[in-house]
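Enquirer: Before I ask anything, let me first share the structure, which is written out below as structure tokens.
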Amino acid sequence: MLIGIVIGLVLPAIGYAIFYLGMDVADKFISARASENMQLFLIALNAVVMRQFMVKREQDNIGKGILMVTMAAALIHFIYYYSNWFTA
């Protein structure tokens, strides 16, 4: 399960770093909307990778680790962007 947690954390971090560096090289401003959409895309990418491990490869423990990280990321994302907890 630890390997799944690491994969679930590293994969979106690498994806976001590539997105950030690509926008920086292109001299584009990263809006809050673009950042939010990229985070949702990376959560979905994690879900696809989780399915690959759980269904196709039958490595359930790795899939469960990725699932745990994906669910936590989705929960944090929706609390941050769609709740009143972080507004002034």
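Taken together, the values in this text are just the output of simple stated rules run on the coordinates, not laboratory data. Remember, it's a predicted structure, so these values are computed and weren't measured experimentally. Here the Cβ is made from the backbone with ideal geometry for all residues, glycine too, and neighbour counts use every protein chain on show.
Enquirer: I'm trying to understand the selection: among the residues of the range 53-80, which are of a type in the set (Phe, Trp, Tyr) and either exposed (fewer than 14 other Cβ atoms within 10 Å of the Cβ) or on the phi > 0 side of the Ramachandran plot (or both)? Lay out the reasoning, then the answer.
Expert: Of all residues in the range 53-80, those of a type in the set (Phe, Trp, Tyr) come to 53, 78, 80.
Phe78, Tyr80, listed by residue number.
Enquirer: How many residues does the range 29-88 contain that are closer than 17 Å to Ile3 by Cβ and either assigned to a helix (DSSP H, G or I) or β-branched (Val, Ile, Thr) (or both)? Break it down into steps so the answer makes sense when it comes.
Expert: Filtering the range 29-88 for residues closer than 17 Å to Ile3 by Cβ gives 46, 49-54, 56-70, 72.
Checking which are either assigned to a helix (DSSP H, G or I) or β-branched (Val, Ile, Thr) (or both) leaves us with 46, 49-54, 56, 60-70, 72.
Residues flagged as closer than 17 Å to Ile3 by Cβ and either assigned to a helix (DSSP H, G or I) or β-branched (Val, Ile, Thr) (or both) within the range 29-88 amount to 20.
Enquirer: May I pose another question? In the range 6-52, which residue that is of a type in the set (Asp, Glu) and without any contact (Cβ under 8 Å) to a residue 40 or more places away in the chain is surrounded by the most Cβ atoms within 10 Å (Cβ to Cβ)? Explain how you work it out, then say what you get.
Expert: Narrowing the range 6-52 to residues of a type in the set (Asp, Glu): 24, 27, 36.
Narrowing further to those that are without any contact (Cβ under 8 Å) to a residue 40 or more places away in the chain: 24, 27.
Working: Asp24: 10, Asp27: 6.
Among them, the one singled out is Asp24.
Enquirer: Follow-up question, since we're still on this one. In the range 39-88, how many are under 10 Å from the mean Cα position of the chain (by Cα) and aromatic (Phe, Trp, Tyr)?
Expert: Here the count works out to 1.
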